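One structure, as structure tokens, below. Some questions next.
The values are calculated or read from the model by the stated rules, or taken from the named source; none is laboratory data. Keep in mind that what you see is a predicted model, and the values were worked out from it rather than measured. Cβ sites come from the backbone with ideal geometry, for glycine too, and all protein chains shown count toward neighbours.
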Amino acid sequence: MRVTLLLIFIGVTLTFKAQNESGLVNWLTFKEAQEKNKTLPKPFLIDLYTDWCGWCKHMMKTTYSNPGLSAYINQNFYPIKFNAETKDTIEYNGQKYFPTSKEPKTPHQLAAKFLGTSFTYPSTMFVANNFEFNLLSQGYLDEKKIEPILIFTVENGYRTTQFEDFNDRFTKTFYDTVFVKQQIKTYSINEAMALSKKKPKKMLVNINADFCNTCKVQTKTTFVDTSLASYIEKNFYLVNFNAESTDTIVFKDKKYFKEVINGYPLHTFAMQATNGRLMFPTIAILDEKMETLEALNMYQHPKNLKPVLVYFGSDQYKTKKWPDFIAEYFKPKAKK
């Protein structure tokens, strides 16, 4: 796999082939998944299949038999294998669903809930945030197609952007070799602080980590976007900061370094810059005095980030509340 989904699964042997119909994914029933979710919440990956569906079987033998991909799913999801024509009664999110007929090849009520009137198999439903987020993908998913959906769901990309926008940037990050971008200067935190003493500007601190794939997408495609790069260079010093850095940083006369935070070794400067609101990725916006104005958690698409940068870069945050600014920002311009 091109994406570093699997740093924690380096020991997996990539030549191993599954010999059973379920691939290498540890499939659960709806009951098992929902019971586990009560104590340790995770997204659901629901594979909707039928006994007669050839592409469903093929997906088990290929996508779900990929050792690295299966390990990622087992680690980060509760995977559910759901026969869309089962005659069983299923309880899902507090409601019971029943078979629609005793006849063979008739869809279950729960399948109808997920698929509407488009009974295409295989179909895959991704469910997160305690059933609030649902993303349906219909048809066969190979590794290249399923990777961005897995990452989008696990790393909370759905909280800040639409999947179509994220998928486009994901492709540009890992597969598109002709992506049009604008070069932009980036600095270490020490370089940015030194420059700010001579020429004060606000600072954008792009806080990332090697294990975070949405961080890679944001770093490689957001700041270099032609709609943003020039504005950033004019109004900010852009800092790329790896939260797993082992460097000691002196910031505002205090030393920051790597230590265990919530059970994981991370740099304390990342916590300082975000006022304790660290997620991955996070963009911390600092003013000319190195005070944190805002911490933007999770992946930011260029079209979502642009108005935020204008709000702070133009100092309108000093005189306008965000709802008033954003209403004015998107107000249609009067024709001359």
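Kindly indicate which of Lys185, Lys202 is in contact with an Asp or Glu (Cβ under 8 Å, 6 or more places away or on another chain), charged (D, E, K, R) and under 19 Å from Leu296 (Cβ atoms).
Result of the check over Lys185, Lys202: Lys202.
Any residue that is in contact (Cβ under 8 Å) with a residue 60 or more places away in the chain, crowded, with 16+ Cβ neighbours inside 10 Å and within 24 Å of Thr160 (Cα to Cα) - is there at least one of those in segment 238-245?
No, every residue in segment 238-245 fails to be in contact (Cβ under 8 Å) with a residue 60 or more places away in the chain, crowded, with 16+ Cβ neighbours inside 10 Å and within 24 Å of Thr160 (Cα to Cα).
Applying the selection to segment 171-197, what residues are under 22 Å from Phe257 (Cβ atoms) and surrounded by fewer than 14 Cβ atoms within 10 Å (Cβ to Cβ)?
Asn190, Glu191, Ala194
Which condition does Phe131 not pass, out of (1) outside any helix (DSSP H, G or I); (2) buried (at least 18 other Cβ atoms within 10 Å of the Cβ); (3) aromatic (Phe, Trp, Tyr), if it passes all the others?
Here Phe131 meets the rest and fails (2).
Could you name every one of the helices (runs of 4 or more DSSP H) located completely within segment 165-266 that has at least 2 residues being touching a Lys or Arg at 6+ places or on another chain (Cβ under 6 Å) and modelled with pLDDT of 95 or more?
Values: elements: 189-198, 213-221, 229-235.
Counting at least 2 such residues, we get 213-221.
If you check Ala33 against the conditions, is it farther than 23 Å from Leu110 by Cα and modelled with pLDDT of 95 or more?
It is false that Ala33 is farther than 23 Å from Leu110 by Cα and modelled with pLDDT of 95 or more.
Going by the conditions given, is Glu288 loosely packed, with under 15 Cβ neighbours inside 10 Å, of a type in the set (Asp, Glu) and in contact with a strand residue (DSSP E or B) (Cβ under 9 Å, 6 or more places away or on another chain)?
yes
Another question, then. Can you pull out the residues in segment 299-308 that are surrounded by fewer than 16 Cβ atoms within 10 Å (Cβ to Cβ), in contact with a Ser or Thr (Cβ under 9 Å, 6 or more places away or on another chain) and not basic (Lys, Arg)? Lay out the reasoning, then the answer.
Within segment 299-308, the first condition is being surrounded by fewer than 16 Cβ atoms within 10 Å (Cβ to Cβ), and the residues that meet it are 303-304, 307.
Checking the rest, the ones that are also in contact with a Ser or Thr (Cβ under 9 Å, 6 or more places away or on another chain) come to 303-304.
Result: Asn304, single match.
Among (1) of a type outside the set (Val, Ile, Thr); (2) outside any helix (DSSP H, G or I); (3) closer than 17 Å to Pro41 by Cα, there is one condition Gln75 misses while meeting the rest; what is its number?
So Gln75 meets the others, but not (2).
So which residues in segment 309-324 are crowded, with 19+ Cβ neighbours inside 10 Å and among the hydrophobic types (A, V, I, L, M, F, W, C)?
Those that are crowded, with 19+ Cβ neighbours inside 10 Å and among the hydrophobic types (A, V, I, L, M, F, W, C): Leu309, Phe312.
In addition: Quick one: in segment 51-100, which of the residues that are among the small types (Gly, Ala, Ser) and out of contact with any helix residue (DSSP H, G or I) (no Cβ under 8 Å at 6 or more places or on another chain) is farthest from Lys38 (Cα to Cα)?
Checking each candidate, the answer is Gly54.
Can we say Ala229 is within 28 Å of Phe152 (Cα to Cα), within 22 Å of the chain's Cα centre (by Cα) and buried (at least 18 other Cβ atoms within 10 Å of the Cβ)?
The answer is no for Ala229.
Among the residues of segment 291-300, how many are out of contact with any strand residue (DSSP E or B) (no Cβ under 9 Å at 6 or more places or on another chain) and over 26 Å from Lys198 (Cβ atoms)? Explain how you work it out, then say what you get.
Filtering segment 291-300 down to residues out of contact with any strand residue (DSSP E or B) (no Cβ under 9 Å at 6 or more places or on another chain) leaves 291, 299.
Those left that are additionally over 26 Å from Lys198 (Cβ atoms): 299.
Total meeting the criteria: 1.
For segment 134-146, name all the residues that are closer than 15 Å to Phe170 by Cα and surrounded by fewer than 21 Cβ atoms within 10 Å (Cβ to Cβ). Working first, answer last.
Within segment 134-146, the first condition is being closer than 15 Å to Phe170 by Cα, and the residues that meet it are 143-146.
Residues satisfying the conditions are Glu143, Lys144, Lys145.
Still on this structure, please answer the following. Using the structure shown, decide if Ala194 is farther than 30 Å from Phe77 by Cα and of a type in the set (Gly, Ala, Ser).
On the way: farther than 30 Å from Phe77 by Cα: yes; of a type in the set (Gly, Ala, Ser): yes.
Judged against the criteria, Ala194 is a match.
Under the condition of being among the polar types (S, T, N, Q) and not in a strand (DSSP E or B), which residue from segment 267-285 is surrounded by the fewest Cβ atoms within 10 Å (Cβ to Cβ)?
Asn275
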